[in-house]
Amino acid sequence: MSTKLQGIILAAGKSTRFNANKTKLAERICGQKMILYSTKLLEELNIPTTVVVGYQKNQIKKIITKEHKNRVSFSTQDTQEGTGHALAITKDIWEKEHLLVINGDVPLVTKDIIEQLYNKHKENNAALSFVIAHNPDPSNSSYGRIIKTDDGIKIVESKDFHGDTHEHCCVNAGIYIITKKFLTQHIQSLENKNANKEFYITDLVKIASDKGLSVATITAPFDYVRGINTYQELWAAEQVKRSELIKYWMERGVRFSVAQNVHIDLPVSIGSGSYIGCGVHLLGNTTIGKNCKIHEFSSLQNTTLKNDVTIYAHCIIKDAHIETHAQIGPYAHVREETHIGSHTIIGNFVEVKKSTIGDHTKAKHLSYLGDATIGSQVNIGAGTITCNHDGLKKQKTIIEDHAYIGSNNSIVAPVTIHKEAYTGAGSVITKDVPENALAIGRARQINKGGYAKKLRNRKETTDAKKTKPAKKDVEKNDDKFAFLGARVIDQDIKSSEET
Amino acid sequence: MSTKLQGIILAAGKSTRFNANKTKLAERICGQKMILYSTKLLEELNIPTTVVVGYQKNQIKKIITKEHKNRVSFSTQDTQEGTGHALAITKDIWEKEHLLVINGDVPLVTKDIIEQLYNKHKENNAALSFVIAHNPDPSNSSYGRIIKTDDGIKIVESKDFHGDTHEHCCVNAGIYIITKKFLTQHIQSLENKNANKEFYITDLVKIASDKGLSVATITAPFDYVRGINTYQELWAAEQVKRSELIKYWMERGVRFSVAQNVHIDLPVSIGSGSYIGCGVHLLGNTTIGKNCKIHEFSSLQNTTLKNDVTIYAHCIIKDAHIETHAQIGPYAHVREETHIGSHTIIGNFVEVKKSTIGDHTKAKHLSYLGDATIGSQVNIGAGTITCNHDGLKKQKTIIEDHAYIGSNNSIVAPVTIHKEAYTGAGSVITKDVPENALAIGRARQINKGGYAKKLRNRKETTDAKKTKPAKKDVEKNDDKFAFLGARVIDQDIKSSEET
Amino acid sequence: MSTKLQGIILAAGKSTRFNANKTKLAERICGQKMILYSTKLLEELNIPTTVVVGYQKNQIKKIITKEHKNRVSFSTQDTQEGTGHALAITKDIWEKEHLLVINGDVPLVTKDIIEQLYNKHKENNAALSFVIAHNPDPSNSSYGRIIKTDDGIKIVESKDFHGDTHEHCCVNAGIYIITKKFLTQHIQSLENKNANKEFYITDLVKIASDKGLSVATITAPFDYVRGINTYQELWAAEQVKRSELIKYWMERGVRFSVAQNVHIDLPVSIGSGSYIGCGVHLLGNTTIGKNCKIHEFSSLQNTTLKNDVTIYAHCIIKDAHIETHAQIGPYAHVREETHIGSHTIIGNFVEVKKSTIGDHTKAKHLSYLGDATIGSQVNIGAGTITCNHDGLKKQKTIIEDHAYIGSNNSIVAPVTIHKEAYTGAGSVITKDVPENALAIGRARQINKGGYAKKLRNRKETTDAKKTKPAKKDVEKNDDKFAFLGARVIDQDIKSSEET
């Protein structure tokens, strides 16, 4: 845009009405912190920008600097004396012919609105121009009202407005372009004789109007200029933004089963032909390929899916990379630093963390795979656990191509199971398994005939007696009934082993 | 309120249009049974109350008595002859100067509406006063219509109304204040010459009007006087109540990610700075501290979270108490009588029941902890199961401070693992482990070189032959291919053990 | 309906605006593919039907033939030259006196609309009759506009319409009845002098009107005649259909906790007194009995629930049959070919596949039951896994009545656990267990006093030195600290075993 324009973003306010003791400007809308909507808008428009900070200023500066490096400058308003006071503070840095002043809590403003306002400002040779909108909910009284009379135009702040909100449904959006000349002459004329005892930018409108200077306005859709002073307004604004994003992806060939409860962050991209189920969350830098299916109630964050991946219902996937035709879930939890190969299947109640898994591998049931490198065409039996923590630190598990891990294995890292090796069901694997070897680490089964019946009879006898042996007795007494896989069994086995 | 007022709640109807063979008055709205909205409202207003019961009267009496003890009295209407008949039945207990008559299926009425109605009733010195509302959906014809003519005012019940519902959009809310004097004189004048052959209270309006007595009305917002005659109306009313609750908590500093599908019951409280994700259910007497995070699709019932607790996605928590900075989930199922300590982590696919867990303890993966007392700074390895059922009853597991349970342990209760003890991965723990001891209960691993290859060759040969051995053969034949952790392996191990 | 009517469904279009490279007509709405809404409607009305196919014609023919066998015939439009061209192609098969022409992408049309249109057509002795609707969203410009002037009536296709969409809010629904006589005379008069260079059926309206022939119209609710040209329109139509279905079931005594995100397919049926929670998906041929409860976020597909079944939250059930009073979940995954008996309990993190389970059986925690036949009154301990895959194929597990499986068992199929048998916790069961026998297959526990402390000291010493042994060292060195269930333990046990 014009090189005659510089930007001032007002971001010093206290977020009082949020009642949460933190600045609203750090709240996220579709994954992006609120204040960055304004700063990024002005950067896109090539408008050099100063942000006036105050409440929780260090946090806000940190957020902005992380995004914009040193391309945005700051002024500090130490006392809360209103928007006019905030603007006055920046006086020394006014350089350009016109100042664009915008509230930091109006995140949905578009480039188009700023451009329209500037064009109107120039066309009208205005001293001051601003954006107005029709408020569809007159009960919402938090906006300044536009009052046009034969004498001119003015804005009355909501706390000072006592008229009919239905009649005066045109509200101030908090976006102004003001000539430096006018501002320099009149910023000191502002007074704080109002309900809040604050200096208001909005009073400049009346000053310009009273002096017969040109005041220009444009009208923008209310949804784009929603200000955010409460959690309700934040929620409403996020609804608008989410609807926009969903409409955008629908137009690009993405099917949504029910759009009202899907969460999509700004940076997400979705390939055409993909399907997004009910309640799906796509967060952060998530990239979905073409013809993927994400079923109901699954959440993905900072995750890449290549084409033709299926995520079944109720999955949680974060910081992972998943290759084509993989199938994940339902109820799979895929965590950070995980890479899952093409055509690989990760099934239900399986957690994968910091692991690399090759192609055409299966881990379908009730497993924990952590800090593991697993090859291709491997089969991980149900209930397998990589025991990756040795009490001191995490250890690595390596399972090479074509290995077959039986069910319910405990794989005690560090350990390597070499190519085409097998392990028996129920094994505890503590030593490396050579290529093509069979490893088995479990006890042999013993059947003790009639023993269950005998124990059941004891139990029933005990039940009949309604006696309840003390714990001490249970431990010592051979007649105890805690027979199922409990001590009595060990006693029995011991006897049988001894004989 | 005035001591001149007594209340009659009409709760005898058949809930016919629910089509569910049960009284609608026992259906819950935001966790509270419908009939209690009326009874609690009148109790808050200090209005002595009689409830007219009929259909499923014992159930309704039980619900009310559980809440109000003997502070509410009952009359019984044994035959379904209309609201006028129901009111007539209570004649003997009319004591106060005015009777407040209210339907039991109008749960969203506020104190303010009753107070306004009574004030208007007194101001107008009315014989009868009632509440009307503008029905925004004229297609909904289940309400009595208000007909005002030069001759006076009357209410026409919906089944008898054949006019234009758009024109007559003012409907009867079913809330009346009637002087005892008027009622005593005219209750017997009611007739049942109408579509339903019932006696209607609403006909008293015409009687009063015809006699030139004062009839007063107030107008209330339709949402607050919604009557509930169908599941659709129940759903609509609950939507209104939920929105109210969400707005209430938003104003107190709680962020909701998407409010439309969040369930909050009436008694729930939420601290400021907390975040409530998509689809979260907060039910019963649940109390959320400050700065807690409840992520998407988690449900909490009768649960207390202290400050700074994080509940990750897809958790179900019921009747539990969770201390500050604990982290639960995702996919954690925390059940009754559970107490989780400060900074403790309960991870994915973990179920905890009737257990007390200390501070800074971790149970992160695929575990079942039931009837356990677990100390502080304990580590519970992945896949650990407390075998708490001995076939007869539940037994207790005690794990003391700083103990470290290896992965995939079966801990057979009753058992105590003492302080700073360790257990090896894959162990079955059946005996107490002394302080500082290492317990291990698992078989040693044996690798049989080349055996996997040999078995694979057999399998391939068998495949080539396309023969399918009978089960009997599989059991007997050494040449079988059920080699993975199956019998053949046992045979092999046996051989190796024997040699 | 009348035997003088035959139907032509236009289904040759390219679905260009879906941007997904596949025909929109195969997209599902409430579980039914879009094209089948039209074909089934006409079949219900006994109207012999021809479908004009083009884009992805084989797929569309296959979908229709699967449903209707050879009761529907096809014509092929090889080039995309518009609806008029598509209709002209069918000329040879025009047999009946009137042709019903309907777009294949207008799925919500009702029998009533067709019948009304035909009645009006006959009453007016019309050459051509069609359905119009009031479009409530004028910004949606994808519909042809109805223009009525003193000169007559015509339809202007949206791409050729440049008027005020607010003023001309009446749109063409794409449903026509045309006399064969008129059509035969004038189909060749259509021209393609328009924005799209296509031949339009809609131009027949102007032709009839210009010739002074009778043109009849009926007006239908917009929701029933929504055309689907984008994923947004598909989503909107599915919302309408879902709301209809939910209203339908509410009227039949079903309670929905929040209806906006519930998915119900067309063939689903739900018994009265049942409760459907937030986000529940009821898909395919699912049948729910009376007084069932389906809690939040559970999905059922092609599943039968008998009366009084409870499905707790977060379950996924597909192709299963569940008897009365069973309780499933939360977090249960019940898969294909599963039959669950009366009063049986399947608990959390349990997967069941191709299994038959008797009555009053319990499998409550962290289990995988695949290819199993399980009797009645069986108890399956937590963490139990049926090791059903032997590396070659799936094998069967049989567990007979009253058997009790201890926790954390690995049951290696093929295997039978006979009646009233018991297995110890942590066992690997590889051999059949006789009736009444106790089977145990696990190692005995050894406690090594003070060993944990010793190892901890070594660890701390190592920590203090901040040395990090190479993996080779770890494997060889007796001083290593990978002590928990890892190799050092095995070394220790070995020593203790040797001494």
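The values are calculated or read from the model by the stated rules, or taken from the named source; none is laboratory data. Since this is a predicted model, take the numbers as computed values, not measurements. Methodologically, a virtual Cβ is constructed for each residue, glycine included, from the backbone with ideal geometry; neighbour enumeration extends over all protein chains shown. Just the protein is used for accessible areas: all its heavy atoms, side chains included, with ligands, DNA and RNA removed. Shrake-Rupley method; radii C 1.70, N 1.55, O 1.52, S 1.80 Å.
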Practice task
Sort the range A:315-413 into rounded, prolate or oblate with this rule: let a ≥ b ≥ c be the square roots of the eigenvalues of the Cα gyration tensor; rounded if a/c is under 1.5, and if a/c is not under 1.5, prolate when a/b is larger than b/c, oblate otherwise.
Solution key: rounded
Problem - Largest-first ordering by accessible area, 1.4 Å probe, given options C:L283, A:L213, B:L438 - result: A:L213, C:L283, B:L438
Exercise for the section: Search the structure for amide H atoms under 5 Å from the amide H of A:G174, placed 1.01 Å from N in the peptide plane, and list their residues when 5 or more places away or on another chain. Expected result: A:V131
Practice task
Can you tell me the relative contact order of the range B:135-229? Whole percent, Cα pairs under 8 Å, sequence separation 6 or more.
Solution key: 29 percent
Problem - A:S299 - accessible surface, heavy atoms, 1.4 Å probe, Å² rounded to 10 - result: 10 Å²
Practice task
Could you pull the accessible area for B:D105 with a 1.4 Å probe, rounded to 10 Å²?
Solution key: 20 Å²
Practice task
Would you list which aspartates and glutamates come within 13 Å of B:K122, measuring only between C-alpha atoms, while excluding same-chain residues fewer than 8 positions from it?
Solution key: B:E97
Exercise for the section: Collect residues whose amide H, placed 1.01 Å from N in the peptide plane, falls under 5 Å from the amide H of C:A439; neighbours closer than 5 in sequence don't count. Expected result: A:K448, C:Y422, C:T423, C:G424
Problem - Peptides ranked, highest mean first, by Cβ atoms within 10 Å: ranges B:161-168, C:327-334, B:223-230 - result: C:327-334, B:223-230, B:161-168
Problem - In the range C:315-389, the GluC sites (Glu not before Pro) that fall in loop regions by DSSP, at most 14 other Cβ within 10 Å - result: C:E336, C:E337
Problem - Shape call, the range C:3-57: gyration tensor on alpha carbons, a/c limit 1.5 - result: oblate
Completion exercise
HN-Hα couplings for the range C:353-368 via Karplus (6.51, -1.76, 1.60; θ = phi - 60°), in whole Hz with x for Gly/Pro, come out as 9, 6, 9, 10, 10, x, 8, 6, 9, 10, 9, 9, 8, 6, 10, 10
Handout entry: Too-long pairs where the Cα-Cα distance tops 24 Å, listed order kept, from B:K247/B:K306; A:K290/C:K247; A:K394/B:K394; B:K14/B:K159
Key = A:K290/C:K247; A:K394/B:K394
Exercise for the section: Put a label point 7 Å from Cα along the Cβ direction on A:T79, then list its distances to the equivalent points in the other copies in nm, shortest first. Expected result: 8.1, 8.1
Handout entry: Solvent-accessible area per residue for chain B (1.4 angstrom probe, square angstrom)
Key = 38 Å²
Practice task
At a temperature of 4 °C and a viscosity of 1.567 mPa s, determine how fast chain C diffuses translationally according to Stokes-Einstein, using the Kirkwood radius over alpha-carbon pairs as Rh; express D in µm²/s, rounded to the nearest whole number.
Solution key: 46 µm²/s
Handout entry: Calculated from backbone phi, Karplus (6.51, -1.76, 1.60) coupling profile of the range A:185-201 in Hz, x at Gly/Pro
Key = 6, 10, 4, 6, 7, 5, 10, 10, 8, 8, 3, 8, 6, 10, 8, 10, 4
Handout entry: Gyration tensor verdict on the range B:247-307 (Cα atoms; rounded if a/c is under 1.5, prolate if a/b is larger than b/c, oblate otherwise)
Key = rounded
Handout entry: Length-normalised contact order of the range B:1-59 in % [C-alpha pairs under 8 Å, at least 6 apart]
Key = 51 percent
Problem - Reachable lysines from C:K66, criterion Cα separation under 21 angstrom, eight or more residues apart if same chain - result: C:K22, C:K24, C:K33, C:K40, C:K57
Practice task
Place +1 on the Cβ of every Lys and Arg and -1 on the Cβ of every Asp and Glu in the range C:1-135, take the dipole about the Cα centre, and give the residue among C:L128, C:T110, C:H68 whose Cα lies farthest towards its positive end.
Solution key: C:H68
Problem - Beta bridge orientation in chain C: antiparallel %, DSSP, nearest 5 - result: 20 percent
Fill in the blank from the handout: With T = 25 °C, eta = 0.890 mPa s and Kirkwood Rh from C-alpha pairs, the Stokes-Einstein D of the range B:83-163 in µm²/s is about 163 µm²/s
Handout entry: Virtual spin-label span in nm between B:A26 and C:S142, 7 Å along Cα→Cβ
Key = 4.8 nm
Handout entry: For the range C:332-470, diffusion coefficient by Stokes-Einstein and Kirkwood Rh (Cα), 20 °C, 1.002 mPa s, µm²/s
Key = 130 µm²/s
Exercise for the section: Would you mind calculating the relative contact order of chain B from Cα pairs under 8 angstrom and at least 6 residues apart, reporting the percent as a whole number? Expected result: 7 percent
Fill in the blank from the handout: Taking alpha-carbon centroids only, the range A:255-271 lies from the range C:282-347 a number of Å equal to 29 Å
Fill in the blank from the handout: For A:E244, B:E97, the accessible-area ranking with a 1.4 Å probe, largest leading, is B:E97, A:E244
Fill in the blank from the handout: Diffing the range C:298-314: the Karplus 3J(HN,Hα) column from phi (6.51, -1.76, 1.60, θ = phi - 60°), in whole Hz with x for Gly and Pro, holds 8, 10, 10, 9, 6, 10, 10, 10, 6, 5, 6, 7, 10, 10, 6, 5, 6
Fill in the blank from the handout: Note to self: C-alpha centroids of the range B:43-109 and the range A:123-173 sit apart, in Å, by 52 Å
Practice task
Provide the percentage of antiparallel DSSP beta bridges, counting only those with both residues in the protein assembly as shown; round to the nearest 5.
Solution key: 20 percent
Handout entry: Accessible-area ranking of B:F18, C:F199, largest first, probe 1.4 Å
Key = C:F199, B:F18
Exercise for the section: Using only alpha carbons, build the gyration tensor for the range C:106-261 and give me the equivalent ellipsoid semi-axes, biggest first, whole Å. Expected result: 32, 19, 13
Practice task
Could you work out the equivalent-ellipsoid semi-axes for the protein assembly as shown, taking the square root of 5 times each eigenvalue of the Cα gyration tensor, largest first, in whole Å?
Solution key: 60, 41, 41
Exercise for the section: Show the residues, 5+ positions off or on another chain, whose built amide H is closer than 5 Å to the amide H of B:I429. Expected result: B:S410, B:I411, B:V412
